[in-house]
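Only one structure is covered here, and it is reproduced in the block below.
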């Protein structure tokens, strides 16, 4: 079975073609980062306008010399995400499938992230998953496909959002993650030490707004053009944020007795996070992260999630419904209607 | 070039109305519903029901017509995404039709008029506007550029004579009337105690415009605020270009794009 995947939940237009035996067949991605950068964050209307321009050119690029006939089903992101952006991809994807009399299926964006590591040969759940992006910071017990338990969530900002905001304070570009990572490499450890958020609180929740405030307060002690000082702040922030994520994962592994940890989402591309999470491995614990290109939003992971559900016998969606808000825990295992 | 018997599907989702129409076997079947926020699903249901009624299928289609805007941004994108998906999957030519022009066509037919000023509510204190004149073929043709502006700033050609239509006349009637040089009031004054529409009744056979000749500063004697874009009207506007194979009006699926008129930020 060969499934076309379409991702338009935020600021990436992604198309992917995944085959049940051959894996990833082809993919194309357009990142709108350059469009949103002048605004310091994603502008929903700009995002939707660009999706509708890029979907068909990217589909053509993905298919190359292949025909739509080779596609057995179409999967599209049905939520959560920006409503206007979601609708564009969902209606486009559904109409492609509908016009050819093929099954269409709406996919949960976060489930697609959680299952993306299966594209690189990782076995299916159960595993613990750390979902980290500009919109989410969650620790999830993935018991099975469609059966997720939320163990921890952020009480305020998503970690990616905190990276963006601190980057802006430091006069860095958008998105903030890669920028902070770059600047932090020149930072001096221990010049500033930011306390790890929620370190003394039990449980598995996260908080990043205090850390953000701490960065701002520290910044006031720097001179205007004090590059060294900025780098030191970037490093202190990155260490505390990553430390908090890693510490919660350590706790969750201990509490659940689960032996596999999967990182997913855009922030899973952060080098320090990958390094620190790797240290949790050993003693029978396996830590898995997606390849770099699978961390960011993409069409391949949507195709993969759709393929897994259709193969498990899920009934296709008769209409393209989308949901801006859609808790992962509301998902059901694949089933026939 | 397509035969007159071409099978053509038209859809529009640009306003609170959602509509679909199918030209098949020389006749047009239509679906129309006021359905805010349900366009993404309803449009598929409407098309399915048209196919069911006619026995036609997606494989029979010769072309797709869609309302390219202006209108609600999300709604216009739903129509464009639909036209792109179906157009690409089936390799069909696509005809984008202006939503303002569709309202103009419907208004001119309903009131037997030769020109129309269409203004649709664009929210945020603005309106989408466009002026249209009825051609020899009976179809509305643009008489100037479409645009978006506060109602009192809608540019109206001096001596405009015709009818007014569109949802903005409900919301911004006074301001639009001012932009027209109070033409609505003048029209009303001609027939005291009656509405402008009534004023025209009882004058069978006369062109409505004629009835208003002599009104200084131009005149708009009818204000039809209830008309919304309708896929069946778009079908009517697009069929001649499809049958003639007019390369200027037909695009490939990748160019089935919305016209927003208003900038995004």
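None of the figures in this text is laboratory data; all of them are computed from the coordinates on show. Given the structure is predicted, the values throughout are model-derived calculations rather than measurements. Every residue, glycine as well, gets a Cβ built from its backbone with ideal geometry; the counts of neighbours run over all protein chains shown.
Using a/c under 1.5 as the rounded threshold, could you call segment B:1-61 rounded, prolate or oblate? The axes a ≥ b ≥ c are square roots of the C-alpha gyration tensor eigenvalues, and prolate needs a/b larger than b/c, oblate otherwise. Since a/c reaches 1.5 and a/b is larger than b/c, the shape of segment B:1-61 is classed as prolate. Remark: mean inter-chain Cβ contacts per residue of A:319-327 equal 2, using a 10 Å Cβ-Cβ cutoff to other protein chain atoms. Using the average count of surrounding beta-carbon atoms within 10 Å as a protection proxy, the listed peptides B:54-64, A:112-122, B:78-88 rank, highest first, as B:78-88, A:112-122, B:54-64.
Most tightly packed first, judged by the mean number of other beta-carbon atoms within 10 Å of their residues, the peptides A:3-11, A:244-252, A:198-206, A:22-30 read A:3-11, A:244-252, A:22-30, A:198-206. Using C-alpha pairs below 8 Å separated by at least 6 residues, the relative contact order for segment A:125-293 is 26 percent. Its DSSP H runs of at least 4 residues, each contributing -39,500 (n - 2.57), put the calculated 222 nm mean residue ellipticity of chain A at -12500 deg cm²/dmol, to the nearest 500. Each peptide in B:18-31, B:108-121 was scored by the mean count of other Cβ atoms within 10 Å over its residues; highest first, the order is B:108-121, B:18-31.
So what's the angle, to the nearest 10 degrees on a 0 to 90 scale, between helix A:299-311 and the longest Cα principal axis of chain A? The angle comes out at about 50 degrees. The mean of 1/r over all pairs of different alpha-carbon atoms in the protein assembly as shown, once inverted, gives a Kirkwood hydrodynamic radius of 26.6 Å. Using a cutoff of 8 angstrom between alpha carbon atoms and counting only pairs six or more residues apart, the relative contact order for chain B works out to 25 percent.
One decimal place: the segment residue A:337-residue A:60 gains 96.4 nm when fully extended, by the rule 0.36 nm per residue minus the C-alpha distance.
Could you state the number of Å between the C-alpha centres of segment A:204-224 and segment B:18-67? Taking the Cα centre of each part, segment B:18-67 and segment A:204-224 sit 55 Å apart. Our note on the geometry: Cα centres of segment B:222-254 and segment B:98-154, 13 Å apart. How far is helix B:231-244 tilted, in degrees, relative to the longest principal axis of the Cα atoms in chain B, given as a value from 0 to 90 rounded to the nearest 10? Around 70 degrees separate the two axes.
Across segment A:290-321, the residues whose backbone nitrogen lies under 20 Å from the label position 7 Å along the beta-carbon direction of residue A:70 are A:299-308. First check a/c for segment A:125-293, with a ≥ b ≥ c the square roots of the eigenvalues of its C-alpha gyration tensor; if it is under 1.5, answer rounded, and if not, answer prolate when a/b is larger than b/c or oblate otherwise. Prolate, because a/c is 1.5 or more and a/b exceeds b/c. Neighbouring Cβ atoms from other chains, within 10 Å of the Cβ of residues in B:57-65, number 1 on average. Would you calculate the separation in nanometres between label points at residue A:22 and residue B:174, each defined as 7 Å from the Cα along the Cα-to-beta-carbon direction? Spacing of the two 7 Å Cα→Cβ label points: 6.8 nm.
Peptide A:40-52 is shielded by partner chain Cβ atoms: per residue, an average of 3 of them sit within 10 Å of its Cβ. Our summary gives chain A a relative contact order of 25 percent, counting only alpha carbon pairs under 8 angstrom and 6 or more residues apart. For chain A, take the longest principal axis of its alpha carbons; what is the angle in degrees between that and the long axis of helix A:159-169, to the nearest 10 within 0 to 90? For A:159-169 against chain A, the angle is about 50 degrees. Under the rule a/c < 1.5 gives rounded, and otherwise a/b versus b/c splits prolate from oblate, where does chain B land using the Cα gyration tensor? The shape class here is prolate. Take the convex hull of the alpha carbons in chain A; its mean projected area over all directions comes to 16.8 nm². Rounded to the nearest 0.05, what FRET efficiency do residue B:141 and residue A:217 have when you use their Cβ-Cβ distance and R0 = 45 Å? Efficiency at R0 = 45 Å is approximately 0.10.
Label separation (residue A:201 vs residue B:123): 3.6 nm, computed from points 7 Å beyond Cα along the C-beta direction.
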